[in-house]
Protein chains: 2
Amino acid sequence: MDPQKRVEEMLYKLKERDFRITPQRLAILKTLAASKGHPSVDDIYQEVKALFPTTSLATVYKTVSLLKELNEVLELGFPDGSNHYDGYNPAPHPHAICIKCKKIMDPELMNIDELSEEMSKKTGYKIFHHRLDFFGLCPACQQKN
Amino acid sequence: MDPQKRVEEMLYKLKERDFRITPQRLAILKTLAASKGHPSVDDIYQEVKALFPTTSLATVYKTVSLLKELNEVLELGFPDGSNHYDGYNPAPHPHAICIKCKKIMDPELMNIDELSEEMSKKTGYKIFHHRLDFFGLCPACQQKN
DNA sequence: AGGATAGATGATAATCATTATTGTTAAATA
DNA sequence: TATTTAACAATAATGATTATCATCTATCCT
């Protein structure tokens, strides 16, 4: 999807709920929409400062948190305690994560819905979303051994 | 599996690597092996104090961390930042998590290995383990509405 | 069994990502 | 362009986890 389209989607969601569009927020939206590398809050902060230099870290936290509530950004907490964000594709999707270099890939994967269905049947839970990550070594790190 | 068996398994792993068996560690092992409710470090700490009262929180952190490295306890970090542990079944397995009351179920689920295989083929990653959680409402919380 | 020693412990200080606070600024609306 | 009030920047507070270090003890050796 075109990053610009993503920005417009997010803007629509904000306006719909009467949240204000500020230059700081716009800078954060643009950064998130263009990011394909699952940035941390601090990563986003560094990029945003280039677009709107006086933006504070707290504002990045608050805006990312707001977008998370609006389901316009996907939060990924990792075992080491760090949080990373996907604003390009905010729907739940599987990840392959390199335990060495931390590179993340987001391939399309077949029917997780089937698993979700099975889980729902076995537990009686009404399921809304999920999280699926695979941990291993990326091709590059396998060679480096 | 019998909790006592699990304690012995963990003891074996510790001895195998020349880690010492202290009363504090034994109390932590027993608590983990018997726990079916995915306790937090502090939950474990509270229980352990009943078995060996002078145990400190730091020791619980260190022992749980050690067992994690030995793959004898499964760490579950949650979106709210909290960490919970499964010492009863330390192999990766899917969870159904209630977003309201936080109740966790661990049903057997069919072939995740297939998905893992697919992921490996599509990314070239050599995959060692995974994490699969479904988020929704448990039967009780659905009724409470 | 007794002693030596390296690993484990307890108590607490330090860390650090995140959240809360507060006075100020500016987006939205008429 | 004046009003209202959400959003802002700067920074203090929080709280879970980790580090530190003096003391203690599980294990090994004789």
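The values are calculated or read from the model by the stated rules, or taken from the named source; none is laboratory data. Nothing here was measured: the structure is a model prediction, and the numbers come from that model. Note that each Cβ is placed from the backbone with ideal geometry, even for glycine, and that neighbours are counted across all protein chains shown. Ligands, DNA and RNA are excluded from the accessible area calculation, which covers all protein heavy atoms including side chains. Shrake-Rupley method; radii C 1.70, N 1.55, O 1.52, S 1.80 Å.
Points worth noting:
- Qualifying residue in segment B:64-72 (condition: without any contact (Cβ under 8 Å) to a residue 40 or more places away in the chain, more than 9 Å from chain A (Cβ to nearest Cβ) and among the hydroxyl-bearing types (Ser, Thr, Tyr)): yes
- Segment B:29-43: number of residues that are more than 14 Å from DNA strand C (Cβ to nearest atom) and either in a helix (DSSP H, G or I) or among the basic types (Lys, Arg) (or both): 4
- Filter result for the condition that a residue is under 22 Å from A:Ala91 (Cβ atoms), assigned by TED's automatic domain parsing to the domain that holds A:Gly81 and surrounded by fewer than 12 Cβ atoms within 10 Å (Cβ to Cβ), over A:Arg17, A:Arg25: A:Arg17
- Meets criteria (within 11 Å of DNA strand D (Cβ to nearest atom) and over 22 Å from A:Met119 (Cβ atoms)) for B:Arg25: yes
- Residues of segment B:62-81 classified as open to solvent by 50 Å² or more (accessible area, probe 1.4 Å) and under 21 Å from B:Glu16 (Cα atoms), total: 4
- Pair list, Cβ under 7 Å, 6 or more apart: segment A:112-130 residue more than 7 Å from chain B (Cβ to nearest Cβ), other residue part of a helix (DSSP H, G or I): none
- In segment A:1-13, the residues that are surrounded by 20 or more Cβ atoms within 10 Å (Cβ to Cβ) and within 10 Å of DNA strand C (Cβ to nearest atom): none
- When restricted to residues that are facing chain A (nearest Cβ under 8 Å) and open to solvent by 60 Å² or more (accessible area, probe 1.4 Å), segment B:82-104 contains 1.
- Conditions (1) among the hydroxyl-bearing types (Ser, Thr, Tyr); (2) more than 11 Å from every other protein chain (Cβ to nearest Cβ); (3) under 21 Å from B:Arg131 (Cα atoms): number failed by A:Tyr45: (3)
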